[in-house]
1. Beyond 22 Å, what share of the Cα-Cα pairs of the chain is found? Please give it as a whole percent.
2. Give me the net charge for the shell around Ala129: Cβ to Cβ below 14 angstrom, other residues only, Lys and Arg +1, Asp and Glu -1.
3. List the lysines whose Cα lies under 18 Å from the Cα of Lys40, skipping any in the same chain that are fewer than 8 positions away.
4. If you line up the Cα atoms of region 14-106 on their principal axes, what length do they span on each, largest first, in Å?
5. Which order do Asp142, Asp31 fall in if you start with the one that has the fewest other Cβ atoms within 10 Å?
6. Nearest 20 debye, what's the magnitude of the dipole of the chain about its Cα centre given +1 on Lys and Arg Cβ and -1 on Asp and Glu Cβ?
7. Among 100-106, 120-126, how do they line up from the highest to the lowest mean number of other beta-carbon atoms within 10 Å?
8. Could you derive backbone 3J(HN,Hα) for region 56-62 from the dihedral phi with the Karplus parameters 6.51, -1.76 and 1.60 (θ = phi - 60°), listing whole Hz in sequence and x where the residue is Gly or Pro?
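Any read-out appearing in this document is the output of simple, stated calculations on the displayed coordinates, not a laboratory observation. Small disclaimer: the values here were computed from a predicted structure and weren't measured. Please note: Cβ atoms are built from the backbone with ideal geometry, for glycine as well, and neighbour counts cover all protein chains shown.
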Amino acid sequence: MIDPETIEQLQVVKYPRPVLHRPTQPVTKFDDTLKKLAEKMIQLMHESNGVGLAATQVGLPFRIFVANPTGQVGNDLVFINGEIIDTDGWIEHEEGCLSVPQVFGKVRRHTKVTIRAVDLSGKPFELQATDLLARIIQHETDHLDGKLILDRMTKMAKFAHRRQIKYLEGQAEGKE
């Protein structure tokens with residue numbers, strides 16, 4: 001999976017890093033290294049004032065994400081090898097992304113989702129979510145499938161943030 005020593009060096013990667021556009025691989029090894037990875041991702045999510053973080057956002061190609069819709073310690077959730085198996089309703093609401101800083105736009109998402117995943121010990125579970133948690137699950141699952149909010153935003157929303165998008169692309173090339 002990953003060298004445990006490398007986990008402490010992980011940081012949130014920013015658009016347009018190629019890893020953000022690559023689909024992930026299932027997690028197959030459930031050990032202390034996986035637990036350390038989840039703990040580090042939760043730490044980074046909280047430090048960044050986020051409500052979710054996918055492995056692609058720390059540069060890793062594994063199907064794992066963390067979420068916390070309340071922001072309170074103890075409400076952290078870990079989803080491994082998650083697949084959305086049912087959806088219902090629609091709502092359009094503004095979203096942001098830790099990997100695309102200062103870019104916000106309306107994204108259409110389901111109001112209710114059911115996800116099937118496994119926990120850190122490899123035990124399967126299903127969770128039905130609504131409202132913010134449903135949105136987080138869909139957003140982070142998009143990351144695991146190689147999609148960003150930029151792929152879901154309207155052309156008008158992308159146009160409104162064109163300067164910030166160009167700035168991020170320039171940062172990746174070493175320009176200001």
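1. Working: 6538 of 15400 pairs.
More than 22 Å apart: 42 percent of the Cα pairs in the chain.
2. On the way: positive: Arg109, Lys112, Arg116, Arg135; negative: Glu83, Asp86, Asp88, Glu126, Asp131, Glu140.
For residues surrounding Ala129, the net value is -2.
3. Result set, ordered by chain and number: Lys14, Lys29.
4. On the principal axes, region 14-106 reaches 38, 32, 31 Å in Cα extent.
5. On the way: Asp142 19, Asp31 12.
The order, fewest Cβ neighbours first, is Asp31, Asp142.
6. Values: 23 positive and 24 negative charges, 145 e Å.
Its charge dipole is roughly 700 debye.
7. Working: 100-106: 17.9, 120-126: 11.9.
Per-residue Cβ counts within 10 Å, averaged per peptide and sorted highest first, yield 100-106, 120-126.
8. 4, 6, 10, x, 10, x, 10
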